[in-house]
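Engineer: Take a look at the following structure, please.
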Amino acid sequence: MWVLASYPDGMPVESNWRLEQSEIESPGDRQILARALYLSVDPYMRGRISAKRGYAKGVEIGDVMIGGGVAEVVESRHPKWNAGDLIETFGFGWQEYSILDPETVTRVDPNIGPPHAWLSYIGMPGITAWCALNNIGKPVEGDTVLISAASGAVGQVAGQLAKVAGCRAVAVASTDTKLDWCRNLGYDIGVNYRSASDLTKEIAKACPDGIDIFFDNTAGPIHDAAMQNLALGARVIICGTISLADKFEAPDIGERFLRQILVNRAQVSGFLVFDHLSHYDTARRELADLANNGKLQFKTDFMDGIESMPAAFLKLLHSENMGKQLVRTEFAKGLRE
Ligand SMILES: NC(=O)c1ccc[n+]([C@@H]2O[C@H](COP(=O)([O-])OP(=O)(O)OC[C@H]3O[C@@H](n4cnc5c(N)ncnc54)[C@H](OP(=O)(O)O)[C@@H]3O)[C@@H](O)[C@H]2O)c1
């Protein structure tokens, strides 16, 4: 198991965690013991290892690092669960075995999607894309939707859902390879934020009628450039702030866009997927239908072995992942991917 060894000072590094061994314990009454098949790494984890207050409780030094996973039940002391059942939970932790209360897990039905997909396009990232776009963005046919971190776990799905809604989807990503993948997914055009000499102008070129929905996964300079290109009545979804990963503890000082917001009567909304629990089943069903009908593509970036957890997480913060980043354990051998 990986425990938090220290809070990062700026960008996290591998030595912020420590790999420890412990005995596998037995589940208590009405509990289950499960072993990990796939473990998720997600950008929100940066906020949970910050001494600064976030929207949820952080990890204490010496605690097992938090994280979601898909796992197989190996021992059950709960009448509704049997060895061999598959589960998905947000509370597995960076470890191979976990004792869980079944109230905190979702049953994985492999007929809906392969087990790993419950952490990606029919799991939290896909549901984030669905809820943020539909509930906050409210797309209208013909809208221009600009999406940052467009090739990532949330971005891949958001771009394809924007196309399903009849919108023009504009990708922002760090490399031409990622932008090529976005075009494969159906994005109309892409902007490379690293090679652009003037990002505001590049976005203006890609969005000649302005941005109706800005799906912001990053904050930082991409946010600043997009905010100068809003269309009348724009909806700005603040979904993620990953570009702040090396300065979480410092104030986020940048330009202000109050004139752009006022002139365009734009709505800027913070978004948290957990506020949309009542939409999870609908979102999952629609995403699974799209995928099973060949209308939703998805890339997953697998690393192998529990030892890879910090490295896999750091790949996200350094833009090195290609699609949803997961760690696969030896117990996942032979599963459909
Ligand atoms: N609010 C919610 O409920 C919720 C739920 C899920 C996810 N999120 C947020 O959504 C965002 C995407 O999450 P994800 O799981 O889909 O991750 P992801 O996009 O698969 O991976 C993270 C991506 O962030 C980009 N990135 C990293 N550092 C950056 C920087 N300094 N500037 C600009 N882009 C940077 C990289 O893409 P490039 O190669 O393009 O730079 C990287 O591939 C994150 O900010 C996450 O916190 C929010």
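No value in this document is a laboratory result; all are computed from the given coordinates. As the structure is a prediction and not an experimental result, all values here were calculated from the model. When we count neighbours, we look across all protein chains shown, and the Cβ atoms used for this are built from the backbone with ideal geometry, even at glycine.
Engineer: Which residue, chosen from His223, Ala250, Ile24, occupies the Cα position most advanced towards the positive end of the dipole of the chain, where the dipole is computed from +1 (Lys, Arg) and -1 (Asp, Glu) charges on Cβ about the Cα centre?
Structural biologist: Value computed over the given set: His223.
Engineer: Show me the chymotrypsin sites (Phe, Trp or Tyr not before Pro) within segment 29-103 that DSSP assigns to loop and that have at most 12 other Cβ atoms within 10 Å of their Cβ.
Structural biologist: Within segment 29-103, the qualifying chymotrypsin sites (Phe, Trp or Tyr not before Pro) (loop, at most 12 other Cβ atoms within 10 Å) are Tyr55.
Engineer: Whole angstrom only: what separates the Cα centroid of segment 121-162 from the Cα centroid of segment 315-337?
Structural biologist: 21 Å
Engineer: Sorted from fewest to most neighbouring beta carbons within 10 Å, what does the list Lys52, Lys163, Lys324 look like?
Structural biologist: So the ranking, lowest neighbour count to highest, is Lys52, Lys163, Lys324.
Engineer: Against the globular-protein guess of 2.2 N^0.38 Å, express the Cα radius of gyration of segment 214-337 as a ratio, rounded to two decimals.
Structural biologist: So segment 214-337 has a normalised radius of gyration of 1.35.
Engineer: Sorted by average packing, counted as other Cβ atoms within 10 angstrom per residue and highest first, what order do 211-218, 30-37, 2-9 take?
Structural biologist: 211-218, 30-37, 2-9
Engineer: Which percent of the Cα-Cα distances in segment 1-141 go past 28 Å?
Structural biologist: So the pairs more than 28 Å apart make up 27 percent of the total in segment 1-141.
Engineer: Which value results for Rg/Rh of segment 124-274 when Rg is the Cα radius of gyration and Rh the Kirkwood radius based on the inverse mean 1/r?
Structural biologist: 0.93
Engineer: Continuing with this model, one more query. Just to check, using Stokes-Einstein with a Kirkwood Rh over alpha carbon pairs, what's the diffusion coefficient of segment 264-337 at 25 °C and 0.890 mPa s in µm²/s?
Structural biologist: Rounded, D is 158 µm²/s.
Engineer: Okay, next question. Among Val59, Pro208, Leu277, which residue has its Cα furthest toward the positive end of the charge dipole of the chain, with +1 on Lys/Arg Cβ and -1 on Asp/Glu Cβ?
Structural biologist: Comparing the listed Cα positions along the dipole, Pro208 ranks first.
Engineer: Would you grab the residues whose amide H sits under 5 Å from the one on Glu75? Only those 5+ places off in sequence or on another chain, please, with H modelled 1.01 Å from N.
Structural biologist: Close amide H contacts, sequence-distant or interchain: Leu33.
Engineer: Show the residues, 5+ positions off or on another chain, whose built amide H is closer than 5 Å to the amide H of Leu230.
Structural biologist: HN-HN under 5 Å from Leu230: Ile211.
Engineer: Could you pull the Rg and Dmax for segment 214-255, using just the Cα atoms, both in Å?
Structural biologist: According to the Cα coordinates of segment 214-255, Rg and Dmax are 10.9, 34 Å.
Engineer: Same structure, new question: Tabulate in residue order the Karplus-calculated ³J(HN,Hα) for segment 224-241, using 6.51 cos²θ - 1.76 cosθ + 1.60 with θ = phi - 60°, rounded to whole Hz; enter x for Gly and Pro.
Structural biologist: Values per residue, Gly and Pro as x: 4, 6, 5, 5, 8, 10, 6, 8, 4, x, 4, 10, 10, 9, 8, 9, x, 10 Hz.
Engineer: Oh, and also: If one puts a single equal scatterer on every Cα of the chain and applies the Debye formula without solvent, what log₁₀ I(q)/I(0) results at q = 0.07, 0.09, 0.10 Å⁻¹?
Structural biologist: -0.29, -0.48, -0.59
Engineer: Taking the beta-carbon count within 10 Å as an exposure proxy, list Val145, Val327 from fewest neighbours to most.
Structural biologist: Sorted ascending by nearby Cβ count, the order is Val327, Val145.
Engineer: Taking the Cα centre of segment 40-182 as origin, sum charge times position over the Cβ atoms of Lys and Arg (+1) and Asp and Glu (-1), and report the length of that vector in debye to the nearest 20.
Structural biologist: Computed charge dipole of segment 40-182: roughly 520 debye.
Engineer: In segment 57-155, what GluC sites (Glu not before Pro) fall in a loop by DSSP, with at most 13 other Cβ atoms inside 10 Å?
Structural biologist: Filter output for segment 57-155: Glu60, Glu141.
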